[in-house]
Amino acid sequence: MSIDVNSDITLLLPLVGTTQAVLKRLEKGTGSLTFIRATTATRRNPDTNLIEAVASGDLREDGRQYLNRLYYSEDFSQSNWAKSNVTVGSDNATAPNGKAVAQAITASVANGTCLQAVVDISAARYGSIYLKRKTGSGNIQVTLDGGSTWTTVAVTGEWVRLGAGQTLANPSFGIRIVTSGDAVYAWGAQLEDATAATRYKKSGSSPAYAPLGALIEGQRTNLTTYSEQLDNGAWNKSAWPVTITSNSAVAPDGTQTADTITGTASATYHAPYTSPACSAGVTYTISAFLKKVNQRYVNLGDQGDVSGHMICFDFDTAAIVGVQNVLRYSAAANGNGWYRVSVTFIRTNGGTLYLTIGCAQSPAIYEWFDASGVSYYAWGAQAEAGTFPSSYIPTTSAAVTRNADELTVPASGNISDTLGTVFAEFDSIHNTSSNDGVIGSASGNSRPLQSLNNTTMACFDGTSSLQITTASFLNSLIKASAKWSGSSMAIISGAVSNVGAFDGSMGVGVSIQIGGFSGAYEKWGHIKHLILFNRALTDAEMVALTT
């Protein structure tokens, strides 16, 4: 590319860093970056996996894009690799990267295995590894499900990258050497959230990952009081009898504040519930952090409406296994055995929700049974008006509102109404149709780059909208770019592009909002990079930027 950082770029904004202060940096621009959120918010610390508070006025980096979920991808002697009937040598053979680092794995008994397990929710996975035969001619096999399924692969005297794909929770990837005494050289193991192997990324004492960027969210209110104190009187424990043992486990924020829910001997339903106010016809999302003690299944949802709105979560498979009258649901691993489970529904009647966290004996909803001794942990209950769960909002005696994240920068000197290009790398954290601005006017209707849903990007000059359909950017970073000059504008993401008429002025006004427009339509996702150019890049330059 022929881009000149000093002369072509007016605003260069990498919204990534190891600290909140670094996240707020403005590396190139003519005016100060302004960030406003008048309330404390939480994030999931990507280094510790703990939920933590972020002060008002401070951006949040809360996640990572995992490139290789395995530990020690080139050192199979490490304890992260579970070895059975195999030995790992220190041959230091020449690996595919040209270095003498490849190890020999030898079966001391038939069907020797070398595996590594990862705890995570169900998703499309692909495991791959470079193999080269050292001795023997017996079968070599790979697995992604811990040995429930074995795939025989062709291993020769030359290096070859082999693997297997599967959609599953809690993957366990590795190899099996079928014949005793056979040996292979191994190097470069990789487990990724994909349907095929991508470029290899080495990992060590932690998985290989890239930051997602700054989290941008709109305003939400947690309607549930005492979100971490189920022993409080705001939670009814007698109607569907349970006992609550307070502060009995380490919670997702690292404090000893998680409560244990235990059923009773009576043959009835068993669940604590709380009753925040609600309105008819409104979409709500209920969520809670849950962890297994000795009970496999738990119900979560609103039991007070017509037919109720409930799901059943299976701790052992990390999957939703029962659904009743809901729009959507999710279960996300949160580390240390915790899952954040959510359910979204439209409330038929107004009045009060019945936010219920109930015992289930099987993959069922509202199940009556003797639940004596049945226990699980719960923490961080949240009920909010919205079509998906937002970041956790702690409460005590009253509902709490988290204000929107508003990130703006002056338009003057950074963006031209008549000529320019914008590039962004971002994702979305929700799966519904939306009108989210990646970058737009802070006071008008212009949106140089926006998403209409999780697969559609647009450029809107105030008169007409130019759109393209991309790969899904739900929980996955994507790159897109738009340009305008003369009488035309274009939008490009990799090989996908569209060209249309430009009305002559982008009309951004005095300032631009990053992650929204007109003080609304927040991105509800992460923004990792944003670059503004003072010229219309060529199509080839835009393709290179967004591929």
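The values are calculated or read from the model by the stated rules, or taken from the named source; none is laboratory data. Since we're looking at a predicted model, the values are computed, not measured. Methodologically, a virtual Cβ is constructed for each residue, glycine included, from the backbone with ideal geometry; neighbour enumeration extends over all protein chains shown. All accessible areas refer to the heavy atoms of the entire protein, side chains included, with ligands and DNA or RNA removed. Shrake-Rupley method; radii C 1.70, N 1.55, O 1.52, S 1.80 Å.
Observations on the structure shown:
- Among the numbered conditions (1) among the charged types (D, E, K, R); (2) surrounded by fewer than 15 Cβ atoms within 10 Å (Cβ to Cβ); (3) touching a strand residue (DSSP E or B) at 6+ places or on another chain (Cβ under 8 Å), the only one that residue 83 does not meet is (2).
- Residue 468 vs. criteria of a type in the set (A, V, I, L, M), more than 26 Å from the chain's Cα centre (by Cα) and open to solvent by less than 60 Å² (accessible area, probe 1.4 Å): no
- Restricting attention to segment 179-203 and to residues that are assigned to a strand (DSSP E or B) and among the aliphatic types (A, V, I, L, M), the residue that is nearest to residue 394 (Cα to Cα) turns out to be 191.
- Pairs meeting the criteria (first residue in segment 325-339 and over 19 Å from residue 365 (Cα atoms), second residue part of a loop (DSSP other than H, G, I, E, B) and open to solvent by 70 Å² or more (accessible area, probe 1.4 Å), beta carbons under 7 Å, at least 6 apart or on different chains) are 333/119.
- For residue 342, the conditions (1) under 30 Å from residue 536 (Cβ atoms); (2) polar (S, T, N, Q); (3) in a strand (DSSP E or B) are fulfilled apart from (1).
- Screening segment 102-134 for residues that are of a type in the set (Val, Ile, Thr) and modelled with pLDDT of 95 or more and picking the one that is surrounded by the fewest Cβ atoms within 10 Å (Cβ to Cβ) gives 109.
- When residue 224 is tested against (1) within 30 Å of residue 407 (Cα to Cα); (2) touching a Gly at 6+ places or on another chain (Cβ under 7 Å), just one condition goes unmet, and that condition is (2).
- Only one of the numbered conditions (1) of a type in the set (A, V, I, L, M); (2) open to solvent by 20 Å² or more (accessible area, probe 1.4 Å); (3) modelled with pLDDT of 95 or more is violated by residue 169, and that is (3).
- Members of segment 188-241 found to be modelled with pLDDT of 95 or more and either among the β-branched types (Val, Ile, Thr) or touching a helix residue (DSSP H, G or I) at 6+ places or on another chain (Cβ under 8 Å) (or both), listed by number: 221, 224, 225
- Restricting 59, 23 to residues that are at negative phi and touching a Phe, Trp or Tyr at 6+ places or on another chain (Cβ under 7 Å) narrows the list to 59.
- The listed residue being surrounded by fewer than 24 Cβ atoms within 10 Å (Cβ to Cβ) and among the polar types (S, T, N, Q), out of 451, 443: 443
- Residue satisfying all of: in segment 56-71; assigned to a loop (DSSP other than H, G, I, E, B) and open to solvent by 60 Å² or more (accessible area, probe 1.4 Å); nearest to residue 204 (Cα to Cα) among these: 71
- Of the strands (runs of 3 or more DSSP E) lying entirely inside segment 204-270, those carrying at least 1 residues that are under 24 Å from residue 298 (Cβ atoms) and open to solvent by less than 50 Å² (accessible area, probe 1.4 Å) are 220-222, 242-249, 258-263.
- Residues of segment 323-334 that are modelled with pLDDT of 95 or more and more than 16 Å from residue 386 (Cα to Cα): 323, 324, 325.
Per-residue answers, yes or no, for (1) touching a residue at least 60 places away in the same chain (Cβ under 8 Å); (2) not aliphatic (A, V, I, L, M):
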| position | (1), (2) |
| --- | --- |
| 290 | yes, no |
| 299 | yes, yes |
| 304 | no, yes |
| 314 | no, yes |
| 319 | yes, no |
| 323 | no, no |
